[in-house]
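*Asks:* Sharing a structure with you now.
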Amino acid sequence: MALPNINFCYPQGKHKALTMSYDDGRRADKRLIGIFNRYGVRGTFHINSGLLGGDDRLTAEEAVALYRGHEVSVHTVTHPTLSRCPMEQVVDEIMEDRKTLERLFQTTVRGMSYPNGSYSQEIVKLLPHLGIEYARTVQTTHGGFGLPEDWLQWRATCHHNDHLLEHAEAFVGLHKRQYLYLMYVWGHSYEFDHDNNWELIEQFCKAVGGQDDIWYATNIEIVDYMKACKWLKFAASREFAHNLGALPIWLDVDGRIVEIPGGSQVSLI
């Protein structure tokens, strides 16, 4: 008997994922989320809890109402340049932001983006001890659609001002199912006001939204799913798989999509 050929898939057997990442909790997020919601696009918003209610910033109450259906993530309390700060301050800036956001949104907050794009390898090594499971940098892959090698130094595909529509066209056209593709866009919503180019993100969301082969996810959903894939235990013969975790995992087994529900063992032949 031939052993099955198995590939991990995204939920529902999809092979492409899209996520967005926007910083600072500015008022322009209202317009941006309106566009995202219209086209079914989802993402993560990195918030400075100590600046909520300040100049051009959402209040805590506005933020809680606005970000439903999306992820809220750490961006530190006051947006310092972390690599210039003592580690005691780095710990406080991250942990106090986590605590405040968790109280407001009543969910665990386990990701972040580096304020001013600043970090060091010492900070990267610290983050798991602070409950942070991913951290986005400001460096990008300039059009690459792969998953990151290091979740704590996660590079986006592009900033929204970096050939966004060209990257979107390439992403939508990807069809080789032997790969898992990820498009990750980052920026600041106020930049659309400054650059007077709101039509750019509208055109992008219209182009990529509503696609049957794309999983629209937040940053942490992608991290959680890919980590859950590693919990899957396969028989040596690959005849069955046992999912030790809670999340369902999807596989492509010789071209057949198979769901492995959380806590279940499923035959693959």
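*Asks:* Out of 162, 193, which single residue is surrounded by 15 or more Cβ atoms within 10 Å (Cβ to Cβ) and either touching a Cys at 6+ places or on another chain (Cβ under 9 Å) or outside any loop (DSSP other than H, G, I, E, B) (or both)? Spell out the reasoning first.
*Replies:* Working: 162 fails: either touching a Cys at 6+ places or on another chain (Cβ under 9 Å) or outside any loop (DSSP other than H, G, I, E, B) (or both).
The conditions single out 193.
*Asks:* If a residue has to be of a type in the set (A, V, I, L, M, F, W, C) and over 18 Å from the mean Cα position of the chain (by Cα) to count, how many in segment 103-145 make the cut? Outline the logic, then answer.
*Replies:* Step one: of segment 103-145, the residues of a type in the set (A, V, I, L, M, F, W, C) are 104-105, 109, 112, 123-124, 126-127, 130, 132, 135, 138, 145.
Adding the requirement that they be over 18 Å from the mean Cα position of the chain (by Cα) leaves 104, 123, 126, 130.
Going through segment 103-145 one residue at a time, the tally reaches 4.
*Asks:* While we're here: Can you tell me which residues in segment 69-88 are closer than 19 Å to residue 152 by Cα and assigned to a helix (DSSP H, G or I)?
*Replies:* Listed by number, the residues that qualify are 82, 83, 84, 87.
*Asks:* Another question about this same structure. In segment 29-65, which residue that is surrounded by 20 or more Cβ atoms within 10 Å (Cβ to Cβ) and either over 22 Å from the mean Cα position of the chain (by Cα) or among the aliphatic types (A, V, I, L, M) (or both) is farthest from residue 108 (Cα to Cα)?
*Replies:* Applying the filter and picking the extreme gives 32.
*Asks:* Could you give every pair whose Cβ atoms fall below 9 Å, whose first residue belongs to segment 22-38 and is more than 22 Å from residue 114 (Cβ to Cβ), and whose second residue is among the β-branched types (Val, Ile, Thr) and in a loop (DSSP other than H, G, I, E, B), counting only separations of at least 6 or pairs across chains?
*Replies:* Partner pairs satisfying both residue conditions: 35/41.
*Asks:* Hey, any hits in segment 30-41 for a residue that's of a type outside the set (Asp, Glu), closer than 18 Å to residue 194 by Cβ and outside any helix (DSSP H, G or I)?
*Replies:* no
*Asks:* Here is a further query. Which numbered condition in (1) free of Cβ contacts under 8 Å to residues at least 40 places away in the same chain; (2) assigned by TED's automatic domain parsing to the domain that holds residue 31 is the only one that residue 220 fails?
*Replies:* Condition (1) is where residue 220 drops out.
*Asks:* Where residues in segment 230-249 are touching a Lys or Arg at 6+ places or on another chain (Cβ under 8 Å) and hydrophobic (A, V, I, L, M, F, W, C), which of them is farthest from residue 4 (Cα to Cα)?
*Replies:* Checking each candidate, the answer is 244.
*Asks:* Is it true that some residue in segment 76-83 is in the same structural domain as residue 19 (by TED's automatic domain parsing), closer than 22 Å to residue 18 by Cα and hydrophobic (A, V, I, L, M, F, W, C)? Can you show your working first?
*Replies:* Residues of segment 76-83 that are in the same structural domain as residue 19 (by TED's automatic domain parsing), as a first pass: 76-83.
The next check asks that each one be closer than 22 Å to residue 18 by Cα; those that pass are none.
So far as segment 76-83 goes, no, none of its residues is in the same structural domain as residue 19 (by TED's automatic domain parsing), closer than 22 Å to residue 18 by Cα and hydrophobic (A, V, I, L, M, F, W, C).
*Asks:* Taking segment 173-190 as the search range and keeping residues that are surrounded by 21 or more Cβ atoms within 10 Å (Cβ to Cβ) and among the aromatic types (Phe, Trp, Tyr), which one is farthest from residue 154 (Cα to Cα)?
*Replies:* The residue in question is 181.
*Asks:* Could we say that residue 45 is in a strand (DSSP E or B) and either basic (Lys, Arg) or closer than 20 Å to residue 201 by Cβ (or both) here?
*Replies:* Details: in a strand (DSSP E or B): yes; either basic (Lys, Arg) or closer than 20 Å to residue 201 by Cβ (or both): yes.
When the stated conditions are applied, residue 45 passes them.
The values are calculated or read from the model by the stated rules, or taken from the named source; none is laboratory data. What you see is a predicted model, and the numbers here were worked out from it, not measured in a lab. Positions of Cβ are backbone-derived with ideal geometry, glycine not excepted, and every protein chain shown enters the neighbour counts.
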